[in-house]
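Here's the structure, in structure tokens; my notes come after.
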Amino acid sequence: MRDDIKKILVLDTSSVVSVACVTVSTDGAADTQDAAGVKVVAVHETDSTTRHAEDLIPVCKQMLAQAGWERPDAVLVGEGPGPFTGLRVGIAAGQSLAFAWGIDAYGVCSLDGLAAQLLAESGLASDRAATDAEPVVTAALDARRRELYWATYARNGARVDGPHVTKPGELSAAYPVGGAGAGVRAEELAQAGIPVLSGTETMPVSAAYLARAWYAAGMPTAPPVARYLRESDAVVPAAMQGRQR
């Protein structure tokens, strides 16, 4: 991460559309930052899981205007896992904006951001430097088809398993599940004896916490790559492939 990269436009479309403008500390100084080294300048999320293409760019424009930025120094994009169309919208938009501005686009697993919020708001979080790598929480999003996208995290925020897409009953019952997926699949989780982190059942991925997770991971500079985990619902059935028109 270069020292001149301080203003980040963050966007995630793995669940709802969530966009944030944040500044990050690149020199160890945290006088204008929160405890995670990230200061949220503007943030907004929609409540729709189906209007990614319609909502994303207007929300980005709104957040940039609210922050008073003509352009950011870099774009950070949630890579999913998430619905095929939603992720394509977010990653394509992030890459296109970065190209137009002549800046870099970076990627981070969307569940990392969800886990950062779950850990912070549940009181389970510890210092990122902590050595305790035992899993304490599973972050989950709705994968439709009666399945969940999920990954398991340690108290220090490190991802220790996943991301995966499976039936709810395949998750471990040793620690609670949090995030919007827990609410959608609450009945199946209860039947399998898997606890739910109370109060998080409708929690989507937050762009602000996505930025915090990325910062805590050392601000990796790899470009965004979609984590689809399975084929698109629009895949042509095998019985129809190769038919003559």
Mind listing just one residue for me: the one in region 150-163 that is out of contact with any Ser or Thr (no Cβ under 8 Å at 6 or more places or on another chain) and assigned to a strand (DSSP E or B) and, of those, most open to solvent (accessible area, probe 1.4 Å)?
Pro163
Over region 15-32, the set of residues small (Gly, Ala, Ser) and at pLDDT 95 or above is Ser18, Ala20
How many residues of region 85-104 are buried (at least 18 other Cβ atoms within 10 Å of the Cβ) and under 16 Å from the mean Cα position of the chain (by Cα)? The answer is 8
Thr50: open to solvent by 10 Å² or more (accessible area, probe 1.4 Å), closer than 18 Å to Ala208 by Cβ, under 19 Å from the mean Cα position of the chain (by Cα) and at pLDDT below 95, yes or no?
no
List every residue pair whose Cβ atoms lie under 8 Å apart, where the two residues are 6 or more positions apart in sequence or sit on different chains, the first residue falls within region 73-84 and is on the phi > 0 side of the Ramachandran plot and open to solvent by less than 10 Å² (accessible area, probe 1.4 Å), and the second residue, located anywhere, is among the aliphatic types (A, V, I, L, M) and not in a strand (DSSP E or B).
Gly80/Leu87; Gly80/Ala226; Gly80/Leu229
Could you tell me whether region 127-139 includes any residue that is open to solvent by 10 Å² or more (accessible area, probe 1.4 Å), over 19 Å from the mean Cα position of the chain (by Cα) and at pLDDT 95 or above?
no
Of all residues in region 167-189 being without any contact (Cβ under 8 Å) to a residue 40 or more places away in the chain, in a helix (DSSP H, G or I) and open to solvent by less than 40 Å² (accessible area, probe 1.4 Å), which is nearest to Glu147 (Cα to Cα)?
Pro168
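The values are calculated or read from the model by the stated rules, or taken from the named source; none is laboratory data. Worth saying up front: this structure is predicted, and the values here are computed from it rather than measured. Here the Cβ is made from the backbone with ideal geometry for all residues, glycine too, and neighbour counts use every protein chain on show. Areas reflect the complete protein model, heavy atoms only, side chains present, ligands, DNA and RNA absent. Shrake-Rupley method; radii C 1.70, N 1.55, O 1.52, S 1.80 Å.
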